[in-house]
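Okay, so here's the structure we're looking at.
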Amino acid sequence: MTGLAVSQPVLVVEGLRTEFATGEGHPMVAVDGLSLYVRRGETLCIVGESGCGKSLTALSILRLLPRPYGRIGAGRVLLDGQDLVQVTEAEMRAVRGRAISMIFQEPMSSLNPVITIGRQIAETVMVHEGLDWADCMDRALAMLRQVRIPEPERRLQEYPHQLSGGMRQRVTIAMALACRPRLLLADEPTTALDVTIQAQILDLIRDLQAKTGTAVVLITHDLGVVAEMAERVLVMYAGTKVEEAGVEELFDNPTHPYTRGLMAAMPHLGGAGGGRRRLHEIEGVVPSLMARPAGCAFAPRCELATERCRREAPPLVGIGGTHSVACWVTAGEGVLA
Amino acid sequence: MWPYVIRRVLATLPVLGVVAVIVFLLLRLSPGDPAAIIAGDNASADDILAIRAQLGLDRPMLEQFLLWLGQLLRGDFGKSIYLSRPVLGLIAERVEPTLALSLSTMAFAIALAIPMGVLAAWRAGSWIDQTIMAVSVLAFSVPVFLIGYGLVIGLSLSLDLLPVQGFVSLTEDPVAFVRHLVLPTVALGLVYTALLARITRATMLETLNEDFIRTARAKGLAEPRVLILHGLKNASVPIVTTIGTGLALLIGGVVVTESVFAIPGIGRLTIEAVLQRDYPVIQGVILAIAFVYVLVNLVIDLSYTLLDPRIRY
Ligand SMILES: Nc1ncnc2c1ncn2[C@@H]1O[C@H](COP(=O)(O)OP(=O)(O)OP(=O)(O)O)[C@@H](O)[C@H]1O
Ligand code: SF4
Ligand SMILES: [Mg+2]
């Protein structure tokens, strides 16, 4: 029983479609039939170019899509078996910040500039656990210690502008973990920080995860981050999942032409080369949401594209173990490549 | 903090100085002989000479100014020509109605406009937003005296619900005080409500798009808390500026409402003084209003430091 229970996914997303109403009948589909899962204590990385729908996937899970046009068109978001797409807004509020927390890319703008750091952390605790304010502030202090902020007592009384970017991101982590969530959604938590600070923040997330067993969905542009943090990786392209595998399998045996492109664009993987490179170096651009090609969305940029690719979208198929890929040509190669 | 407050207070002195110069010149530079103007059409040459001596008009400009300034600093604003009473006393008698009307108008506008603006921004683009904005355009475009007379005819003359005109001091009869204030407050307040609602909507709209609002929602906070604690507090600087400016404008601009509703305030005092060319009173009123403007501005400036910790002293 225990073995099974531990491996039960905390979060299962099935066939998520996230769309924007356009007023012209057809909605713009930003995330199209995406499925994923993540287990307790595990880190799933979502990688993909800018605009492929990574943030919208995370925001869909929390039901915080941009109003009034964003909406979940189809799919299920199961948190320990409960479908969050179906629950009331009040039930959803009880999930946000308690069962599922999110940290955002911009530590500069994602904290409220006119409220002290202590209050911002404590109010999450107050809202979800209904403790006395003094106890909430105690928890805030404990959290600041946990994320290793120097002089936490003083920081409690300070405002975000009095902290550096790295310190602010520590505060957002403290805030996100204050109610011991089962799942942490981290949307490019280190992209805005410089390299040494990036490494510290990632270490911190990994440490806290090991202590609390929180499941983490980590969104990133950066394959170096993937190599460091992920147990499993999901590669997104234009709103769909194109490949999914364990991290070693993916780096050993990248199969989708897009994934291969990403790897090729990144010669010093996690190495001493210094500058990590972003995923911009594949020829061509992501098709816009309105002008998505009929067949495989990657076809216009793919060297291997065939007639069939342009006609029909490739289904996601398993190619051994937990490795799956959506490609007419390379899926057939199997593990031979 | 305190050095900043003192600096800000000292910074108002040059402004008050400039106002004093302008008010001083107002009388000296008005066309014709001020003494003759003051004495009126039927005055004899002796009267005019007497007034000239009384006002010190026979001395050099600079000396006149310094003398006058010295009197001001001692709280001597001169005497009304018609009533032969100290100007400061006349103003003091008229302060209560004007202050009561201005404050009640602003309170009315704030109580109505801020919820309206927040609600409109929260549901931007929806029918709620459109309705609120349509109402505010309407309130903004209809002149105060039209609303005033409309209310007088509707509520007082036809329905006999509220007194038509006049003012009762708070100390005399609190209930009558409130009843007399209702109509003028609404008449005057609608314009400010409209203005403040629009400013609130615009700044809230901007604030609600900020990342930290998304963070607040991601923490599981309920919408009222998101809107008021996280949204409104951030949007408060422009809103408070508008409230302060509105208050200053109100105190200066009560002339119309006070006439319509026959309220014996500063506005009425001003009209009477202008009609009678009672220059010392006009000067006193301008100085008093300028002083209030400067004071209100000072309070607004100081409030910023409380509202936004990023504003450094
Ligand atoms: N409010 C919105 N209205 C319309 N379209 C939107 C909106 N927000 C996002 N989109 C579209 O949805 C797509 C996916 O956006 P998303 O923010 O999820 O991308 P992302 O993968 O997180 O990119 P990045 O790496 O730049 O953060 C984008 O192409 C974007 O144009
Ligand atoms: S399906 Fe065809 S076009 Fe799409 S990635 Fe595979 S080979 Fe390229
Ligand atoms: Mg994003």
Look at B:F261 and say whether it is within 25 Å of B:F167 (Cα to Cα), surrounded by fewer than 16 Cβ atoms within 10 Å (Cβ to Cβ) and of a type in the set (F, W, Y).
-> no
Please work out which one of (1) away from chain B (no Cβ under 12 Å); (2) in contact (Cβ under 8 Å) with a residue 40 or more places away in the chain; (3) out of contact with any strand residue (DSSP E or B) (no Cβ under 9 Å at 6 or more places or on another chain) is the condition A:D132 fails and give its number.
-> (2)
Of the residues in segment B:186-216 that are of a type outside the set (A, V, I, L, M, F, W, C) and surrounded by 24 or more Cβ atoms within 10 Å (Cβ to Cβ), the one that is farthest from the other protein chains (Cβ to nearest Cβ) is B:G189
Which is touching an Asp or Glu at 6+ places or on another chain (Cβ under 6 Å), more than 7 Å from chain B (Cβ to nearest Cβ) and either without any contact (Cβ under 8 Å) to a residue 60 or more places away in the chain or not in a helix (DSSP H, G or I) (or both), of A:Q120, A:Q105, A:Q86?
-> A:Q105
Checked against (1) of a type outside the set (V, I, T); (2) within 16 Å of ligand 3 (Cβ to nearest atom); (3) within 11 Å of another protein chain (Cβ to nearest Cβ), A:K54 satisfies every condition except (3)
Which numbered condition A:G51 fails, given (1) within 16 Å of A:M236 (Cα to Cα); (2) surrounded by 22 or more Cβ atoms within 10 Å (Cβ to Cβ) | (2)
Before we move on, is A:R148 touching a strand residue (DSSP E or B) at 6+ places or on another chain (Cβ under 8 Å), open to solvent by 10 Å² or more (accessible area, probe 1.4 Å) and more than 10 Å from chain B (Cβ to nearest Cβ)?
-> no
Would you mind finding the one in A:G73, A:G51 that is more than 11 Å from ligand 1 (Cβ to nearest atom) and either touching a residue at least 24 places away in the same chain (Cβ under 8 Å) or not in a loop (DSSP other than H, G, I, E, B) (or both)?
-> A:G73
Which of (1) closer than 23 Å to B:A109 by Cβ; (2) surrounded by fewer than 14 Cβ atoms within 10 Å (Cβ to Cβ) does B:I239 not meet, given it meets every other one?
-> (2)
Does at least one position in segment B:125-135 carry a residue that is in contact (Cβ under 8 Å) with a residue 40 or more places away in the chain and under 23 Å from B:G267 (Cα atoms)?
-> no
Does A:C179 satisfy the criteria of being within 14 Å of chain B (Cβ to nearest Cβ) and not in a helix (DSSP H, G or I)?
-> yes
Please enumerate the residues belonging to segment A:182-230 that are polar (S, T, N, Q) and more than 16 Å from ligand 3 (Cβ to nearest atom).
-> A:T196, A:Q198, A:Q200, A:Q209, A:T212, A:T214
Yes/no for A:V95 being under 20 Å from the mean Cα position of the chain (by Cα) and away from chain B (no Cβ under 13 Å) | no
Which of (1) part of a loop (DSSP other than H, G, I, E, B); (2) over 19 Å from A:D187 (Cα atoms); (3) of a type in the set (A, V, I, L, M, F, W, C); (4) more than 10 Å from chain B (Cβ to nearest Cβ) is the odd one out, the single condition A:V114 does not satisfy?
-> (4)
Return yes or no: is A:R232 basic (K, R) and on the phi < 0 side of the Ramachandran plot?
-> yes
Only one residue in B:R52, B:R28 is without any contact (Cβ under 8 Å) to a residue 40 or more places away in the chain, assigned to a helix (DSSP H, G or I) and surrounded by fewer than 15 Cβ atoms within 10 Å (Cβ to Cβ), so which one is that?
-> B:R28
Filter segment B:291-313 for residues that are among the hydroxyl-bearing types (S, T, Y) and either in contact with a Phe, Trp or Tyr (Cβ under 9 Å, 6 or more places away or on another chain) or away from chain A (no Cβ under 14 Å) (or both); which is farthest from B:Y4 (Cα to Cα)?
-> B:Y293
Kindly list the number of the only condition in (1) touching a strand residue (DSSP E or B) at 6+ places or on another chain (Cβ under 6 Å); (2) crowded, with 19+ Cβ neighbours inside 10 Å; (3) of a type in the set (K, R) that fails for A:R98.
-> (1)
Listed residues A:F298, A:F251; which is at pLDDT 90 or above, within 16 Å of ligand 1 (Cβ to nearest atom) and more than 14 Å from chain B (Cβ to nearest Cβ)?
-> A:F298
Condition broken by B:L221, with the remaining ones in (1) facing chain A (nearest Cβ under 10 Å); (2) in a helix (DSSP H, G or I) satisfied | (2)
Count - residues of segment B:128-148 that are within 11 Å of B:M116 (Cα to Cα) and either open to solvent by less than 50 Å² (accessible area, probe 1.4 Å) or of a type in the set (K, R) (or both) = 5
Residue among B:A290, B:A216, B:A235, B:A262 that is at pLDDT 85 or above and at positive phi = B:A262
How about segment A:176-198: which of its residues are aliphatic (A, V, I, L, M) and open to solvent by less than 10 Å² (accessible area, probe 1.4 Å)?
-> A:A176, A:A178, A:L183, A:L184, A:L185, A:A186
Considering segment A:57-67 alone, what residues qualify as being farther than 16 Å from A:P189 by Cβ and surrounded by fewer than 23 Cβ atoms within 10 Å (Cβ to Cβ)?
-> A:R63, A:L64, A:L65, A:P66, A:R67
From the options A:V12, A:V29, A:V38, residue that is near ligand 1 (Cβ under 10 Å from one of its atoms) and within 30 Å of A:D222 (Cβ to Cβ) | A:V29
Scope segment A:101-116; condition open to solvent by less than 10 Å² (accessible area, probe 1.4 Å) and farther than 14 Å from B:K219 by Cα; matching residues | A:P107, A:V114
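The values are calculated or read from the model by the stated rules, or taken from the named source; none is laboratory data. Just so it is clear, the model here is predicted, and its values are computed rather than measured. Positions of Cβ are generated from backbone atoms using ideal geometry, with glycine treated the same way; all protein chains shown enter the neighbour counts. Accessible surface areas use protein heavy atoms only, side chains included; no ligands, DNA or RNA. Shrake-Rupley method; radii C 1.70, N 1.55, O 1.52, S 1.80 Å.
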